[in-house]
Amino acid sequence: MAGEPLMLDFHAMFKLALGDHSHNYLIGPATKRQRWHADNFVAIVQKVIDNYRAGTTPGTLAALMMDFAESRGCGDFIQPACEHGIGLFGDEWRIGAVVNPDLPYWTDQDHVYQENEMVVCAMQYAAPEENIGFRYENDIVITKDGCEVMSKYPLGIEEIS
């Protein structure tokens, strides 16, 4: 219905490799507050994507993301996490295996990303009292100076009617 969020979460296979991608929509017309949430979410996801690179860690990315969210006034809506494992032979087994006070039930926050490592850039944003939330999932390959986003579908939240 108008004013509600809609998320599509695709899990594709190509040559037996599992993929992950989600995209968010607002069923329009969106309110100014809904657009504010959507714009914050997109900016935070972009900030994390811009900072993935060989040599960084999930903990570093989470701190960066949370500081950025706080600077935009939306820190209460972001879950402090920035990845999840991928596939049967990825790092899925580590999720929940390392319990610590900073990132409970999450991947080892001190894991150092290596060049050519593949993970899912995943982010959640939720304002339940406002009945709105978003999720982003996209496979990425870590490079020396950044990351390559595997899905070429552009980051954004579209308004549809």
Mind checking whether some residue in the range 76-99 is modelled with pLDDT of 90 or more, within 26 Å of MET7 (Cβ to Cβ) and touching a helix residue (DSSP H, G or I) at 6+ places or on another chain (Cβ under 9 Å)? yes
Counting only residues in the range 40-65 that are over 16 Å from ILE142 (Cβ atoms) and without any contact (Cβ under 8 Å) to a residue 24 or more places away in the chain, the one surrounded by the fewest Cβ atoms within 10 Å (Cβ to Cβ) is identified as ALA63
Of those in the range 23-39 that are of a type outside the set (D, E, K, R) and free of Cβ contacts under 8 Å to residues at least 40 places away in the same chain, the residue nearest to CYS147 (Cα to Cα) is TRP36
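Can you tell me which residues in the range 40-63 are of a type in the set (Ser, Thr, Tyr), over 17 Å from VAL149 (Cβ atoms) and part of a loop (DSSP other than H, G, I, E, B)?
Within the range 40-63, the first condition is being of a type in the set (Ser, Thr, Tyr), and the residues that meet it are 52, 56-57, 60.
Subset that is over 17 Å from VAL149 (Cβ atoms): 57, 60.
Scanning the range 40-63 gives a single hit, THR57.
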Does TYR113 count as buried (at least 17 other Cβ atoms within 10 Å of the Cβ), part of a strand (DSSP E or B) and hydroxyl-bearing (Ser, Thr, Tyr)? no
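The values are calculated or read from the model by the stated rules, or taken from the named source; none is laboratory data. Not measured: the values here are computed from a predicted model. Cβ coordinates were reconstructed from backbone atoms using ideal geometry, including for glycine residues, and neighbour counts include every protein chain displayed.
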